[in-house]
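First comes the structure, then the notes that go with it.
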Amino acid sequence: MRRRSKRLLTKSDKDLTEPPRPVNADRNSPDGDPKGNPSEANSDPAQADVTGPECDQPPQSLSDAAAPAVAGEAGDQLEALRAALRKAEGELLRTRQEAESKRHLVDIMHEVMGNLSTEEIFHMVARRLARALQLSHSSVILARPGDARGMVATAFEQPNLVNLEIELDRYPEVSAALDQKRPVLIQDLQTSPWYARLREQWARDGTRMNVRSVIAIPFAFEKTRTGVFLLRRTTDQDPLAASDVEFADTVIKSAVNAIEQAHTIEQTKADNARLEALAHTDPLTHLLNRRALTIRLVAELERVRRYNSPLTMLMIDLDHFKLVNDTFGHLVGDEVLRGIGMILQRAVRSVDMVARYGGEEFVVVLPETGEMGAVAFAERIRQRVEQHNFEAARTASVRVTVSIGVSCFPSPHVESAEDLFARADAALYRAKDRGRNQVCS
């Protein structure tokens with residue numbers, strides 16, 4: 001019984017310490033028994049001995065043996081993930097920079113497209129480029145290819161500096177941009193061959209140049225005017241790059257287009273103003289013509305009717321004006337008409353209206369003036385014309401007189417501008433019938 005117990009204990013210990021054999025490996029192994037019995041190699045007593053020092057540590061499983069390979073693969077994957085993240089961060093940074101550049105560009109274009117003059121657009125673009133590209137200097141130089149001198153139109157770093165003349169041989173990049181009609185980038189003035197001669201001169205003069213890099217971008221507008229945007233950074237800043245040239249060139253081209261549009265708009269406005277002046281002004285005397293007088297009179301009548309205010313009209317006609325033309329000629333007659341117009345303009349207030357009604361007839365409209373005041377004013381006009389000497393030639397002069405008819409609003413049977421004209425015309429003919437050179441109402 002004791003021996004059996006000892007053998008059983010030994011077998012149990014062996015079962016506890018012997019590592020399990022893979023079932024698949026035993027079944028598929030050529031050395032193993034298909035029935036699962038151990039082969040001769042596996043029944044080696046040396047391998048079955050569990051009391052040796054080699055068995056102090058537990059045997060490794062398959063998962064423990066594969067751990068280094070798995071760890072290597074995980075490390076490779078982690079490194080690839082980190083590289084992908086770095087690439088994504090770079091792409092994100094570039095996207096943000098592009099978005100910021102586009103935002104600056106949109107802001108500049110919104111400001112450029114406003115109602116600005118050419119000089120204002122120059123100053124605004126120079127200022128916005130300086131802020132967007134972190135420039136130390138940003139200026140506009142007006143010059144033509146081959147010029148020895150240029151004119152600084154504006155400078156971001158010196159806002160009060162305008163129309164400063166400079167020598168272009170001190171700015172080789174400006175001359176090159178004008179001659180080549182394309183942007184010029186100098187990333188480092190200390191190494192650029194463009195500045196070799198100037199560096200020697202600075203060394204002789206003891207001049208210290210604090211500018212590091214330069215961009216010169218040419219432009220042309222209004223067909224004949226040309227210039228250069230000169231953009232610079234100092235030695236304590238990063239050098240300018242090709243991307244900065246591309247951004248600035250886009251902004252400047254858009255600004256030049258805006259300048260062209262502004263010039264076209266200004267020209268169109270000026271043309272429209274001239275046409276409007278021609279449509280409303282008498283070309284000889286530069287007074288209102290009949291059409292413009294009628295339009296303004298209708299509006300003024302509405303105003304005085306609304307506020308129950310008086311308004312009077314003076315219709316003035318030159319006496320025997322045909323005799324002036326027949327005696328001295330039509331050129332002298334035109335000078336007399338101009339002189340009458342000047343006398344009337346100097347006599348009226350800013351709220352009054354003076355017009356050439358046609359031929360030798362003039363009309364004066366006096367808002368906020370009653371009949372008595374209008375008659376007194378008409379008498380002063382009559383006296384001034386009578387006393388005035390109109391030059392007919394260097395040795396001769398012409399004297400003329402006028403007859404004046406006065407009509408008032410409000411008054412019986414005067415409801416419109418036509419009624420006012422008719423009453424003034426009737427009063428004028430009464431003055432003519434009574435001998436001319438007088439005032440009738």
Worksheet item: Quick one: which of Val324, Val348, Val336, Val354 is in the same structural domain as Lys432 (by TED's automatic domain parsing) and modelled with pLDDT of 95 or more?
Response: Val354
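Report yes if Val304 is closer than 26 Å to Arg430 by Cα, in a helix (DSSP H, G or I) and in contact (Cβ under 8 Å) with a residue 40 or more places away in the chain, otherwise no. Show your work before the answer.
Details: closer than 26 Å to Arg430 by Cα: no; in a helix (DSSP H, G or I): yes; in contact (Cβ under 8 Å) with a residue 40 or more places away in the chain: yes.
Taking the combined requirement at face value, the residue does not satisfy it.
Scan region 278-304 for residues that are among the hydroxyl-bearing types (Ser, Thr, Tyr) and not assigned by TED's automatic domain parsing to the domain that holds Leu314 and report the count.
Here is the first cut: in region 278-304, the residues among the hydroxyl-bearing types (Ser, Thr, Tyr) are 281, 285, 294.
Among the residues that remain, those that are also not assigned by TED's automatic domain parsing to the domain that holds Leu314 are: 281, 285.
So the count comes out to 2.
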Practice prompt. State yes or no: is Ala153 over 19 Å from Arg233 (Cβ atoms) and not hydroxyl-bearing (Ser, Thr, Tyr)?
Written response: yes
Worksheet item: Do we find that Glu260 is among the acidic types (Asp, Glu), in a helix (DSSP H, G or I) and buried (at least 18 other Cβ atoms within 10 Å of the Cβ) in this structure?
Response: no
Discussion item. With within 25 Å of Arg291 (Cβ to Cβ) and not in a helix (DSSP H, G or I) as the only criterion, which of Val364, Val336 stands out?
Written reply: Val364
Item to complete: Search region 113-164 for residues being surrounded by fewer than 15 Cβ atoms within 10 Å (Cβ to Cβ) and among the basic types (Lys, Arg), and hand back the single one that is nearest to Phe221 (Cα to Cα).
Response: Arg144
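Looking at Arg338, is it over 29 Å from Ala396 (Cα atoms) and among the basic types (Lys, Arg)? Give the steps one after another, and end with the answer.
Working: over 29 Å from Ala396 (Cα atoms): no; among the basic types (Lys, Arg): yes.
Taking the combined requirement at face value, the residue does not satisfy it.
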Item to complete: Scan region 342-360 and report the pairs whose first residue is in contact (Cβ under 8 Å) with a residue 24 or more places away in the chain and within 17 Å of Val332 (Cα to Cα) and whose second residue is of a type outside the set (Phe, Trp, Tyr) and part of a helix (DSSP H, G or I), with Cβ atoms within less than 8 Å and a gap of 6+ or a chain change.
Response: Ile343/Ile381; Ile343/Arg384; Ile343/Val385; Glu360/Leu337
Worksheet item: Any idea which of Thr285, Thr294 is in contact with a strand residue (DSSP E or B) (Cβ under 7 Å, 6 or more places away or on another chain), in contact (Cβ under 8 Å) with a residue 24 or more places away in the chain and either assigned to a strand (DSSP E or B) or closer than 26 Å to Arg423 by Cα (or both)?
Response: Thr285
Worksheet item: How many of the residues in region 291-337 are surrounded by 15 or more Cβ atoms within 10 Å (Cβ to Cβ) and among the charged types (D, E, K, R)?
Response: 5
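Here's a check for you: in region 338-354, which residue that is among the aliphatic types (A, V, I, L, M) and farther than 22 Å from Gln438 by Cβ is surrounded by the most Cβ atoms within 10 Å (Cβ to Cβ)?
If we take residues in region 338-354 being among the aliphatic types (A, V, I, L, M) and farther than 22 Å from Gln438 by Cβ, then Met353 is surrounded by the most Cβ atoms within 10 Å (Cβ to Cβ).
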Fill in: Residue satisfying condition, being assigned by TED's automatic domain parsing to the domain that holds Ile316, assigned to a helix (DSSP H, G or I) and under 22 Å from Arg338 (Cα atoms), within set Glu418, Glu386
Glu386
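The values are calculated or read from the model by the stated rules, or taken from the named source; none is laboratory data. The structure displayed is predicted, hence computed values, not measured ones. Virtual Cβ from ideal backbone geometry, glycine too; neighbours counted across all protein chains shown.
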